[in-house]
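**Q** Here you go, one structure.
Every number in this text was worked out from the coordinates using simple rules, so none of it is lab data. Quick caveat, the model's predicted, so the values are computed rather than measured. Positions of Cβ are backbone-derived with ideal geometry, glycine not excepted, and every protein chain shown enters the neighbour counts.
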Amino acid sequence: MRVYGILKEITLRNIDYSFFIYLLFCLSFVMRKLTHAEISTKRIPEGQVENATRVPLIVLVDNVRSLYNVGSIFRTSDGVMIEKLILTGFTPYPPRKEIEKTALGSTKSIPWEYSEHSTEAIQKLKERGYKICCLELTDKSIHYNDIKSTDFPICLVIGNEINGVSKEVIELCDLAIEIPMYGIKQSLNVAVAFGIAVFELARLWRTR
């Protein structure tokens, strides 16, 4: 439509076509938003998701109460292509319409399981060679981008909206990471904090 408008102006004003070529050259450097069709070509088709390359990263959700947070965690996990989600304790799990409202179908692309007890799930992961890392403020927490590729395969534990990761789980963790805060609040929403941490972990793995 933009080019059509320029052509119309050229016709009405009898502008030299060399000027039109110059305008086209300038327009080629103008940023534009991708169409849905263009974006879809960069995504994994639903039928091929089982064969997708996944980061060797399992996420354990320790007693997160909000259904909408759980849905957001699913959607972010899909964006990273993690290995699996483990939902524990009183964390709600699919199928729930409130989860789907923010997950937007990602409950189908991310393998998940429910475990009543976080500690039991963690012990099984340790036996399989996973390092356990909690996203929590502890006396031994390191910056979230100080994880090394040698720490993989890894299980990232995220905790309750109010109380964070439980004491029993922290005691089983091999390391803890934190996101620095520079304002008056000491933490972020759990789904937001998860997004920051998990994309950084995925970057560290994929650029190793």
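**Q** Specify which labelled value, from [x] 58, 36, 28; [y] 50, 44, 27; [z] 78, 37, 34, agrees with Cα extents along the principal axes in Å derived from the coordinates of the model shown.
**A** Here Cα extents along the principal axes in Å agrees with entry [z].
**Q** Tally Lys/Arg at +1 and Asp/Glu at -1 over every other residue whose Cβ is under 15 Å from the Cβ of E120; what's the total?
**A** Its environment carries a net charge of -3.
**Q** Another question, then. Is the stretch 138-185 rounded, prolate or oblate when judged by the Cα gyration tensor, a ≥ b ≥ c being the square roots of its eigenvalues, rounded requiring a/c under 1.5 and prolate requiring a/b larger than b/c?
**A** oblate
**Q** Take each uninterrupted DSSP H stretch in the chain, measure its Cα extent along the helix axis, and return the ones at 18 Å or beyond whose mean Kyte-Doolittle hydropathy is at least 1.6.
**A** none
**Q** Just rank C134, C173, fewest to most, by other beta-carbon atoms within 10 angstrom.
**A** Fewest-to-most Cβ neighbours within 10 Å comes out as C173, C134.
**Q** Which residue, chosen from A193, T138, L34, occupies the Cα position most advanced towards the positive end of the dipole of the chain, where the dipole is computed from +1 (Lys, Arg) and -1 (Asp, Glu) charges on Cβ about the Cα centre?
**A** Of A193, T138, L34, it is L34.
**Q** Where does the stretch 161-208 land on the Kirkwood hydrodynamic radius, alpha-carbon pairs, in angstrom?
**A** 12.6 Å
**Q** Now a separate question. For a 24 Å ceiling on Cα separation, which of these pairs sit above it: K124/K167; K101/K148; K126/K167; K84/K124; K42/K108; K108/K167?
**A** Pairs exceeding the cut-off: K101/K148; K108/K167.
**Q** Given contacts defined as C-alpha pairs under 8 Å and at least six residues apart, what's the relative contact order of the stretch 30-85, whole-number percent?
**A** Relative CO of the stretch 30-85 lands at 43 percent.
**Q** Counting only helical runs of four or more DSSP H residues, what would the 222 nm mean residue ellipticity of the chain come to if each run contributes -39,500 (n - 2.57) and the total is spread over all its residues?
**A** -11500 deg cm²/dmol
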